[in-house]
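K.L.:
Encoded as structure tokens, here's the structure I'll be asking about.
The values are calculated or read from the model by the stated rules, or taken from the named source; none is laboratory data. What you see is a predicted model; the values in this text were computed from it and never measured. Every residue, glycine among them, receives a Cβ derived from its backbone with ideal geometry; neighbour counts consider all protein chains shown. Areas reflect the complete protein model, heavy atoms only, side chains present, ligands, DNA and RNA absent. Shrake-Rupley method; radii C 1.70, N 1.55, O 1.52, S 1.80 Å.
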Amino acid sequence: MTGQETVPITPELMLRAYMAGLFPMAPDAMSDELEWFCPEMRGVLPLDGFHVSRRLMRTVLSARFAVVADQDFPAVMDGCAEPAPGRETTWISPRIRSLFCQLHDMGYAHSVEVRHDGRLVGGLYGVAIGAAFFGESMFSRMRDASKVALVHLVARLRLGGYSVLDTQFGTDHLASFGGVEIPARDYMRQLGHAVREQATWIGNDRVTELEAAIRALRS
């Protein structure tokens with residue numbers, strides 16, 4: 001389902017929309033319009049059924065990448081808006097970027113950032129409300145960088161007590177990690193519980209606990 005806006009879009013309205021099962025996208029990168037989506041089959045990544053390959057886990061636990069959260073949220077959005085193979089165009093318009101950066105400033109939007117030799121090479125961002133995290137987009141400029149970001153995200157969500165990771169749509173890539181599509185009514189039931197729960201976004205000060213949570217993904 002899509003719908004063009006009839007009232008001014010504010011960060012507060014976006015939060016209410018997410019809680020109602022909607023998410024916004026722009027028709028194209030240069031459009032000032034927003035459309036709202038609520039697919040009949042919703043993509044989710046069950047936090048207790050996340051799959052990590054042995055090879056990827058070795059990469060995550062190695063010193064190849066440095067991973068942090070929320071140090072450069074706008075740069076992650078810019079990375080997600082870059083053309084990439086299979087994604088030559090983007091729905092991340094300047095207006096979308098502005099709204100999500102405002103949500104970040106309000107403490108509702110978060111990024112996971114992956115760096116190699118100090119350079120941002122991958123990451124993801126999304127919105128957190130209650131115990132629900134709404135994944136928006138990810139990018140990679142180096143092999144495995146976005147996958148590493150996803151592993152760190154799931155570990156943070158599990159450690160922080162989240163119960164829903166919304167991926168909007170299902171893809172073969174997400175299915176390899178355990179992602180599934182469920183009917184909208186089932187998603188709304190899960191969402192209704194999650195947004196009333198409390199969870200804690202894990203920042204950069206709980207390194208030891210985060211590493212243990214990452215290792216637990218393979219247990």
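K.L.:
For the chain, with only Lys/Arg (+1) and Asp/Glu (-1) charged at the beta-carbon, what is the dipole magnitude about the Cα centre, in debye rounded to 20?
P.N.:
With Lys and Arg at +1 and Asp and Glu at -1, about 980 debye.
K.L.:
With θ set to phi - 60°, apply the Karplus curve 6.51 cos²θ - 1.76 cosθ + 1.60 along region 197-202 and write out the HN-Hα couplings as whole Hz, x wherever there is a Gly or Pro.
P.N.:
Once rounded to whole Hz, the list reads 8, 10, 9, 10, 6, 8.
K.L.:
How many Å² of accessible area per residue for the chain, probe 1.4 Å?
P.N.:
On the way: 10350 Å² over 219 residues.
Per residue, the chain has 47 Å² of solvent-accessible surface.
K.L.:
Restricting attention to region 104-188, which trypsin sites (Lys or Arg not before Pro) occupy a DSSP loop and are surrounded by at most 12 other Cβ atoms within 10 Å?
P.N.:
Passing sites in region 104-188 are Arg143.
K.L.:
Let me have the relative contact order for region 1-109, percent, based on Cα pairs under 8 Å that are six or more residues apart.
P.N.:
Averaging sequence separation for qualifying contacts and normalising by length gives 32 percent for region 1-109.
K.L.:
I've got another one for you. Using only protein heavy atoms and a 1.4 Å probe, report how much of Thr208 is accessible, in Å² to the nearest 10.
P.N.:
110 Å²
K.L.:
Additional query: Protein chains only, probe 1.4 Å: how do His173, His110 rank by accessible area, largest first?
P.N.:
I get His173, His110, largest accessible area first.
K.L.:
Okay, next question. How far is the Cα center of region 157-174 from the Cα center of region 44-103, in Å?
P.N.:
Result: 13 Å between the Cα centres.
K.L.:
Another question, then. On a 1.4 Å probe surface of the protein chains, which of Tyr108, Tyr162 comes out largest in accessible area, and what is the full order?
P.N.:
Tyr108, Tyr162
K.L.:
To the nearest 0.05, what FRET efficiency results for Ala20 and Arg64 with a Förster distance of 35 Å applied to their C-beta separation? Before the final figure, lay out each step's value.
P.N.:
On the way: r = 40 Å, r/R0 = 1.16.
Computed FRET efficiency for Ala20 and Arg64 comes out at 0.30.
K.L.:
Given the protein chains as shown and a 1.4 Å probe, how many square angstrom of Trp91 are accessible, to the nearest 10?
P.N.:
Roll a 1.4 Å probe over it and Trp91 shows about 40 Å².
K.L.:
Thr89 to Arg215: FRET efficiency via 1/(1 + (r/R0)^6), r the Cβ-Cβ distance, R0 30 Å, to the nearest 0.05?
P.N.:
0.20
K.L.:
Using a 1.4 Å probe on the protein heavy atoms, what percent of the accessible area of region 85-148 belongs to carbon and sulfur?
P.N.:
With neighbouring chains kept in place, the figure for region 85-148 is 49 percent.
K.L.:
Using only the alpha-carbon atoms of the chain, report the extent along each of the three principal axes, biggest first, to the nearest angstrom.
P.N.:
49, 35, 32
K.L.:
Okay, moving on. Compute the distance in nm between two label points, each set 7 Å from the Cα along the Cα-to-Cβ direction, one at Arg206 and one at His116.
P.N.:
If labels sit at Arg206 and His116, their model points lie 2.9 nm apart.
K.L.:
Taking every DSSP beta bridge that has both residues in the chain, what percent is antiparallel when rounded to the nearest 5?
P.N.:
Beta bridges within the chain, antiparallel portion: roughly 90 percent.
K.L.:
For the pair Glu40 and Met106, what calculated FRET efficiency results from E = 1/(1 + (r/R0)^6), where r is the Cβ-Cβ distance and R0 = 30 Å, to the nearest 0.05?
P.N.:
Computed FRET efficiency for Met106 and Glu40 comes out at 0.45.
K.L.:
I need to check one value: relative contact order of the chain, counting alpha carbon pairs closer than 8 Å and at least 6 residues apart, in percent.
P.N.:
Relative contact order here is 26 percent.
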